[in-house]
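A.B. asks: Below is a structure I'd like to ask you about.
The values are calculated or read from the model by the stated rules, or taken from the named source; none is laboratory data. Values in this document were obtained by computation on a predicted structure and should not be read as measured data. Note that we place each Cβ from the backbone using ideal geometry, even for glycine, and neighbour counts take in every protein chain shown.
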Amino acid sequence: MARRNSGDYAVVWPRSAKAVEIKPLAKRLDTIEGKTIAFLWDDLFRGDEIWPILKQELGKRFTGVSFIDHDAFGSTHGDEEHRVLGELPGKIKSMNIDAVVSGMGC
Amino acid sequence: MLRVSAIAEQAGVPTSSLCCEGFLGQAKTTSVGLGYPNLALATVPGHVDVQTSDELRTNVLGTTVEHVIRNLTGEIASVQATADPDPQDIVFEGSFEEVNRLFLENGWSDGLPIVPPTKEKIAEFLAFTDLAPDHAIGKLLPDNRMATVWNVAVNGVMAGCRPEYMPILVALVEAMADPQYGVEHSGNTPGAETLIVLNGPLIKQLGFNYEQGALRDGFQPNTSIGRFWRLYLRNVAGFLLHQNDKGTFGNTWRVVMAENEDSLARMKWPTIAADMGAADRGAPAADSAVTISRFTGGNVIVSVFGDSAEKLLPYLGNALVTHSAWEVIFTVGMATGTYRPLLVLSPLIAETIAKTMTKQDVQNWLFENARMPAHLFEKYLWGWTNLVPGKRTLNDWVRLGKIPKVFAGNDPNRLVPVVTKPEHIMIAVSGDPLRSNCYLFVHNGMLGFPTTRSVRLPKGWRMKLSEAQG
């Protein structure tokens, strides 16, 4: 950051340290074939129409892929959000989920 | 959506986040605050709200599905953390104009000149709190930065506050950091803006305007503390336009609204802070308190006419219904029972009503009489919006036990309340004491749920205040 010595005002930064460390993403899948993909949804912006299209297309292209629908989790936005997010790590394990598709950011 | 992906990545599974084209920028900046700057996004071209089913299908098959496959199986570029300055380091020395240019160019200012945050000015603010400068108030999403007493003082200086406002600024950030408030939603597309309501002796001690023009800029404490709120959202929480703040239109920050407590005392009506249980949180009722809540907008109710509560209330009830639109998804649907509209009465109107009614009576009257046809309510839920899926009727919600039976019935023209409980209609008293206008704010549900904090004063407050006001 630029710094001069001749000014009238010596000022500090108005922000603060991040409270989160940068972390690496999870290892990606070697293939989608035979994997279990879960869809989590915030009950918004036509996710209920998009997910069936994605399921159909992924099912066509990859053999043995299986899907877990959003209603197995509840809405990720609104009054259920904190519960649904809190339960997610446990459900990923217990339901043998290999990958997650999350929507909708609109 | 991205918080889900961050949790899943943390749990060891790859993710793909579905994102409309216009929201990719916000998603990228939000991802940084979640600790995963390279969360994998799958684009949905355009915006789904205006696409036919065929167009949506073509877009998903043509673009989204390829992105999902790439996100789950392909290599994702790693990202390095960038080094931030230490908050107490001097980052620049220069003239007033040079400092302001630097702050604008780095997105640290709102477009108006700021008061340069020098260590000398910051020290003046820190003298008005007993908390240590590095005291951590909380973490603020989406940037996930630490809210500290130090950066409260820095942004208070910048906003043009006076040092003696510091106890209020700290209380505000404590409220902002309360999970109940939901600061992480402050960049959502309705662009709601926070209203700060102040109660207690600080109104008079610090010279807040609580009479004519109560919601207009022009008084230093009302105006500069309102500006502080928005600067803090920008610099610490990280809500910047074209990044994490996706308000389609947005509002400028609101000035602090102080209640007219002389009028409230005459009527023996409780303050907003008392309604919110400030005294139950361990603070004596005489303490000052701030209440924050996000409102999508409001409207003035002009020339409320009549010499009795019976004559005045129908107009107020009508305003409550006609100005509540899609916001009823927070009454029923998205976050049931979180809609909290705020009716601001001028003292003239409030005291006329108070001749025969308590505040609770008014809330009960409005609950019973400010009602909307059920068919219109359901249009807001899923007819004209796609915000509450499933096309559940009000009867369905009653059957599920989610809302009171008052919403049930067979006649689509039956009248239903706009809130689930009478006390959810908040009532404040402020504005011109001798004019018959009122104001209604419509609320943004759990995306800024009303949250109250008492204001803690430093030891030796009266002496320090006297010296500061010299």
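A.B. asks: Looking only at residues in the range A:19-35 that are out of contact with any Asp or Glu (no Cβ under 8 Å at 6 or more places or on another chain) and among the charged types (D, E, K, R), which one is farthest from the other protein chains (Cβ to nearest Cβ)?
C.D. replies: Among those residues, the one meeting the criterion is A:Glu33.
A.B. asks: So B:Phe239 ticks every box in (1) under 25 Å from B:Leu465 (Cα atoms); (2) surrounded by 18 or more Cβ atoms within 10 Å (Cβ to Cβ); (3) not basic (Lys, Arg) but one. Which box is left unticked?
C.D. replies: (1)
A.B. asks: Those residues that are closer than 22 Å to B:Val13 by Cα, within 35 Å of the chain's Cα centre (by Cα) and facing chain A (nearest Cβ under 8 Å), I need them from the range B:45-70; list them, please.
C.D. replies: Passing the criteria: B:Thr64, B:Val68.
A.B. asks: Then there is this: If B:Glu351 satisfies all but one of (1) farther than 16 Å from B:Thr420 by Cα; (2) at pLDDT below 95, what's the number of the condition it fails?
C.D. replies: (2)
A.B. asks: Further, regarding this structure: Here is a check on your reading of the model: is B:Ala374 in contact with a helix residue (DSSP H, G or I) (Cβ under 8 Å, 6 or more places away or on another chain) and crowded, with 18+ Cβ neighbours inside 10 Å?
C.D. replies: When the stated conditions are applied, B:Ala374 passes them.
A.B. asks: Looking at the range B:179-199, is at least one residue assigned to a loop (DSSP other than H, G, I, E, B) and charged (D, E, K, R)?
C.D. replies: Within the range B:179-199, not a single residue is assigned to a loop (DSSP other than H, G, I, E, B) and charged (D, E, K, R).
A.B. asks: I've got another one for you. Could you identify the single residue in B:Gly35, B:Gly12 that is at positive phi, at the interface with chain A (Cβ under 7 Å from one of its Cβ atoms) and over 26 Å from the mean Cα position of the chain (by Cα)?
C.D. replies: B:Gly12
A.B. asks: OK, next. Scan the range A:33-44 and give yes if some residue there is surrounded by fewer than 19 Cβ atoms within 10 Å (Cβ to Cβ) and over 16 Å from the mean Cα position of the chain (by Cα), otherwise no.
C.D. replies: Yes, the range A:33-44 has at least one match.
A.B. asks: Checking the structure you have, find out if any residue of the range B:131-141 is at the interface with another protein chain (Cβ under 7 Å from one of its Cβ atoms), of a type in the set (A, V, I, L, M), crowded, with 19+ Cβ neighbours inside 10 Å and in contact with a strand residue (DSSP E or B) (Cβ under 8 Å, 6 or more places away or on another chain).
C.D. replies: no
A.B. asks: If you check A:Gly90, A:Gly74, A:Gly64, which single one turns out to be within 16 Å of the chain's Cα centre (by Cα), of a type in the set (Gly, Ala, Ser), more than 8 Å from every other protein chain (Cβ to nearest Cβ) and at positive phi?
C.D. replies: It is A:Gly74.
A.B. asks: Tell me which residues, restricted to the range B:310-327, are over 27 Å from the mean Cα position of the chain (by Cα) and buried (at least 18 other Cβ atoms within 10 Å of the Cβ).
C.D. replies: B:Leu312, B:Leu313, listed by residue number.
A.B. asks: Here's something else I'd like to know. Which residues, counting only those in the range A:36-60, are more than 16 Å from B:Val44 (Cα to Cα) and more than 8 Å from chain B (Cβ to nearest Cβ)?
C.D. replies: A:Thr36, A:Ala38, A:Gln56, A:Gly59, A:Lys60
A.B. asks: If you go through the range B:249-267 one residue at a time, do you hit one that is modelled with pLDDT under 95 and among the hydroxyl-bearing types (Ser, Thr, Tyr)?
C.D. replies: Taking every residue of the range B:249-267 in turn, at least one turns out to be modelled with pLDDT under 95 and among the hydroxyl-bearing types (Ser, Thr, Tyr).
A.B. asks: Can you tell me which of B:Asn188, B:Asn106 is within 11 Å of chain A (Cβ to nearest Cβ), surrounded by fewer than 21 Cβ atoms within 10 Å (Cβ to Cβ) and free of Cβ contacts under 8 Å to residues at least 60 places away in the same chain?
C.D. replies: Result of the check over B:Asn188, B:Asn106: B:Asn106.
A.B. asks: Okay, next question. Filter the strands (runs of 3 or more DSSP E) completely within the range B:50-168 down to those with at least 2 residues that are in contact with a helix residue (DSSP H, G or I) (Cβ under 6 Å, 6 or more places away or on another chain).
C.D. replies: Fully inside the range B:50-168 and qualifying: B:136-140, B:145-148.
Table: residues versus (1) charged (D, E, K, R); (2) assigned to a helix (DSSP H, G or I); (3) over 15 Å from the mean Cα position of the chain (by Cα).
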residue	(1), (2), (3)
B:Val236	no, yes, yes
B:Phe239	no, no, no
B:Gly250	no, no, no
B:Asp262	yes, yes, yes
B:Ala265	no, yes, yes
B:Trp269	no, no, yes
B:Phe295	no, no, no
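A.B. asks: Another question, if that's okay. Quick one: would you say B:Thr30 is touching a residue at least 40 places away in the same chain (Cβ under 8 Å), among the β-branched types (Val, Ile, Thr), within 21 Å of B:Asn244 (Cβ to Cβ) and at the interface with chain A (Cβ under 8 Å from one of its Cβ atoms)?
C.D. replies: Against the criterion (touching a residue at least 40 places away in the same chain (Cβ under 8 Å), among the β-branched types (Val, Ile, Thr), within 21 Å of B:Asn244 (Cβ to Cβ) and at the interface with chain A (Cβ under 8 Å from one of its Cβ atoms)), B:Thr30 does not qualify.
A.B. asks: Next question, about the same structure. Are any residues in the range B:328-351 surrounded by fewer than 21 Cβ atoms within 10 Å (Cβ to Cβ) and assigned to a helix (DSSP H, G or I), and if so, which ones?
C.D. replies: Within the range B:328-351, B:Leu348, B:Glu351 meet the criteria.
A.B. asks: Inspect the range B:171-179 for any residue being within 13 Å of chain A (Cβ to nearest Cβ), crowded, with 24+ Cβ neighbours inside 10 Å and farther than 20 Å from B:Leu240 by Cβ and give the result as yes or no.
C.D. replies: No, the range B:171-179 contains no residue that is within 13 Å of chain A (Cβ to nearest Cβ), crowded, with 24+ Cβ neighbours inside 10 Å and farther than 20 Å from B:Leu240 by Cβ.
A.B. asks: Run B:Ile90 past the list (1) without any contact (Cβ under 8 Å) to a residue 24 or more places away in the chain; (2) facing another protein chain (nearest Cβ under 7 Å); (3) closer than 25 Å to B:Thr148 by Cβ; (4) of a type in the set (A, V, I, L, M) and report the number of the one that doesn't hold.
C.D. replies: Every condition holds for B:Ile90 apart from (1).
A.B. asks: Now a separate question. So, in the range B:392-409, how many residues would count as being crowded, with 17+ Cβ neighbours inside 10 Å, hydrophobic (A, V, I, L, M, F, W, C), out of contact with any Ser or Thr (no Cβ under 8 Å at 6 or more places or on another chain) and not in a helix (DSSP H, G or I)?
C.D. replies: 1
A.B. asks: Right, something else. From A:Asp48, A:Asp79, A:Asp71, grab the single residue that is modelled with pLDDT under 95, in a loop (DSSP other than H, G, I, E, B) and among the charged types (D, E, K, R).
C.D. replies: Criteria check complete, one pass: A:Asp79.
A.B. asks: Within the range B:363-380, track down each residue that is in contact with a Phe, Trp or Tyr (Cβ under 9 Å, 6 or more places away or on another chain) and part of a helix (DSSP H, G or I).
C.D. replies: Within the range B:363-380, B:Ala374, B:Phe377, B:Tyr380 qualify.
A.B. asks: Shifting gears a bit: Could you tell me which residue of the range B:1-17 is surrounded by the fewest Cβ atoms within 10 Å (Cβ to Cβ), considering only residues that are part of a loop (DSSP other than H, G, I, E, B) and not β-branched (Val, Ile, Thr)?
C.D. replies: So, considering only residues that are part of a loop (DSSP other than H, G, I, E, B) and not β-branched (Val, Ile, Thr), the one surrounded by the fewest Cβ atoms within 10 Å (Cβ to Cβ) is B:Gly12.
A.B. asks: Within the range A:19-30, identify whether any single residue is aliphatic (A, V, I, L, M), touching a residue at least 24 places away in the same chain (Cβ under 8 Å), over 30 Å from B:Tyr232 (Cβ atoms) and outside any loop (DSSP other than H, G, I, E, B), and answer yes or no.
C.D. replies: No, there is no match, as no residue in the range A:19-30 is aliphatic (A, V, I, L, M), touching a residue at least 24 places away in the same chain (Cβ under 8 Å), over 30 Å from B:Tyr232 (Cβ atoms) and outside any loop (DSSP other than H, G, I, E, B).
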